[in-house]
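K.L.:
The structure's right below; bear with me while I get my questions together.
The values are calculated or read from the model by the stated rules, or taken from the named source; none is laboratory data. None of these values were measured; they are calculated from a predicted model. Cβ sites come from the backbone with ideal geometry, for glycine too, and all protein chains shown count toward neighbours.
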Amino acid sequence: MRKKIRKTLKYSIFSIILMVIVALIFPTWTPKIKGENSISMLEQVEINGTGHEVMIRGVDRTNPILIFVHGGPGCSEIPYVRKYQKELEQHFTVVHYDQRGSGKSYHFFEDYSNLTTDVLVDDLLALRDYVSKELGQEKVILIGHSFGTYIGMKAAAKAPTQFHAYIGIGQMANTLQSELESLEYTYEQAKQAGNEDDVKKLELIRSSIEHGKELTPRILLQKYGGAARLINENRDYISGFLLNPEYNGLDMIRFYTGMFSSQDILLKEAFDQNLPEIVDHLEIPTYFVTGKYDYMTTANAARDYFDVLDAPIKDFIVFNESAHYPQFEEKEKFVKWLNELF
């Protein structure tokens with residue numbers, strides 16, 4: 001009997017180890033899209049000397065190109081974004097990529113200590129050239145989200161002829177102003193809810209936030225609806241990591257390793273060099289898209305930036321049911337707006 005138990009235990013342990021190994025290294029892909037002229041690509045592309053993970057999806061590769069620049073810093077949206085872009089793929093060729101040192105573009109033996117947004121801007125411009133050549137067309141619309149707007153704005157200012165238009169979703173502006181507004185919102189919400197522990201926590205770190213040394217805790221912004229109203233972004237990541245074929249277990253390790261290694265460096269740059277002081281005009285049509293309840297990158301700070309930004313055409317669009325993710329929270333409205341615009 002004991003021999004049988006030991007044998008069963010050995011097989012169980014072996015099976016668990018095997019499943020872990022498979023989960024870590026199973027091949028990744030993005031599901032096919034029907035159609036003779038469709039494209040559904042997920043692969044490593046060498047850009048400026050290092051591998052970048054690039055996902056391109058659309059029912060017709062001659063449709064206008066959308067390049068999305070993810071935020072974080074370091075928070076790739078490839079693990080889950082297909083959930084929100086099926087309709088978008090009907091009208092546009094949608095490009096997502098993991099930035100240098102992020103997600104599947106994180107390589108364990110590369111040195112990222114000198115990572116800057118200027119490096120990420122040059123990568124983005126090189127990616128634009130690759131995508132344009134791969135798809136055989138020049139109409140490229142640049143869309144930044146959250147911290148991706150910091151990179152996107154700098155890229156659009158540096159190479160305006162490379163893009164048809166710029167769209168900033170959850171647009172960054174004066175970082176300190178935004179964080180102070182986030183702090184006040186979260187503090188008032190915690191007081192109204194009678195959550196004394198959260199109130200005390202915010203009071204303890206208030207000075208650090210006011211001096212640009214710390215962010216308003218994102219976990220509290222999520223708790224009080226300043227991050228998302230109509231989706232659960234944490235659940236999206238978890239389900240994406242576990243169920244979607246674009247990432248495997250090793251990629252998930254890359255994701256968190258890259259995020260933790262790059263966030264402090266890049267966020268410090270955003271505090272030290274406020275975007276409105278770096279980019280005060282763009283030479284292409286410019287659109288800021290914000291959720292009414294966005295307190296990750298606040299709608300008020302974005303509006304202040306918009307008011308002083310010079311552009312040949314510009315518009316400020318508010319999604320009234322959303323927070324930081326209007327392109328996901330109100331995806332039908334977002335697609336309709338894009339279709340009408342382009």
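K.L.:
State the number of residues belonging to segment 175-214 that are part of a helix (DSSP H, G or I) and either in contact (Cβ under 8 Å) with a residue 24 or more places away in the chain or touching a His at 6+ places or on another chain (Cβ under 8 Å) (or both).
P.N.:
17
K.L.:
Sort out which residues of segment 111-132 are surrounded by fewer than 17 Cβ atoms within 10 Å (Cβ to Cβ), modelled with pLDDT of 95 or more and charged (D, E, K, R), and write them in order of number.
P.N.:
Residues satisfying the conditions are Asp118, Asp129.
K.L.:
Separate question: Taking the stated definitions as given, is Tyr185 among the aromatic types (Phe, Trp, Tyr) and under 24 Å from Val308 (Cα atoms)?
P.N.:
no
K.L.:
Here are some residues: Asp310, Asp251. Which one is in contact with a Lys or Arg (Cβ under 7 Å, 6 or more places away or on another chain), modelled with pLDDT of 95 or more and acidic (Asp, Glu)?
P.N.:
Just a single option satisfies the conditions, and that option is Asp251.
K.L.:
Which condition number in (1) part of a helix (DSSP H, G or I); (2) buried (at least 19 other Cβ atoms within 10 Å of the Cβ) is the one that Met172 fails?
P.N.:
(1)
K.L.:
Could you tell me whether segment 254-266 includes any residue that is over 16 Å from the mean Cα position of the chain (by Cα), at positive phi and modelled with pLDDT under 95?
P.N.:
No - not one qualifying residue is present in segment 254-266.
K.L.:
Out of segment 159-197, which residues are of a type in the set (Gly, Ala, Ser) and either under 25 Å from Leu267 (Cβ atoms) or over 23 Å from the mean Cα position of the chain (by Cα) (or both)?
P.N.:
Ala159, Gly168, Gly170, Ala173, Ser178, Ser182, Ala190, Ala193, Gly194, listed by residue number.
K.L.:
Ok, one more. So which strands (runs of 3 or more DSSP E) are wholly in segment 43-98 and hold at least 3 residues that are of a type in the set (A, V, I, L, M) and modelled with pLDDT of 95 or more?
P.N.:
The qualifying strands (runs of 3 or more DSSP E) are 50-58, 65-69.
Per-residue answers, yes or no, for (1) among the basic types (Lys, Arg); (2) crowded, with 20+ Cβ neighbours inside 10 Å; (3) in a helix (DSSP H, G or I):
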{"position": "Arg254", "(1), (2), (3)": "yes, yes, yes"}
{"position": "Ser262", "(1), (2), (3)": "no, yes, yes"}
{"position": "Val289", "(1), (2), (3)": "no, yes, no"}
{"position": "Phe306", "(1), (2), (3)": "no, yes, yes"}
{"position": "Ser322", "(1), (2), (3)": "no, yes, no"}
{"position": "Trp337", "(1), (2), (3)": "no, no, yes"}
{"position": "Glu340", "(1), (2), (3)": "no, no, yes"}
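K.L.:
Please list, ordered by first then second residue, the pairs with beta carbon atoms under 8 Å, 6 or more apart or interchain, first in segment 215-231 and among the aromatic types (Phe, Trp, Tyr), second surrounded by fewer than 17 Cβ atoms within 10 Å (Cβ to Cβ).
P.N.:
Tyr224/Ala193
K.L.:
Within segment 207-247, track down each residue that is surrounded by fewer than 16 Cβ atoms within 10 Å (Cβ to Cβ) and in contact with a Leu (Cβ under 7 Å, 6 or more places away or on another chain).
P.N.:
Glu210
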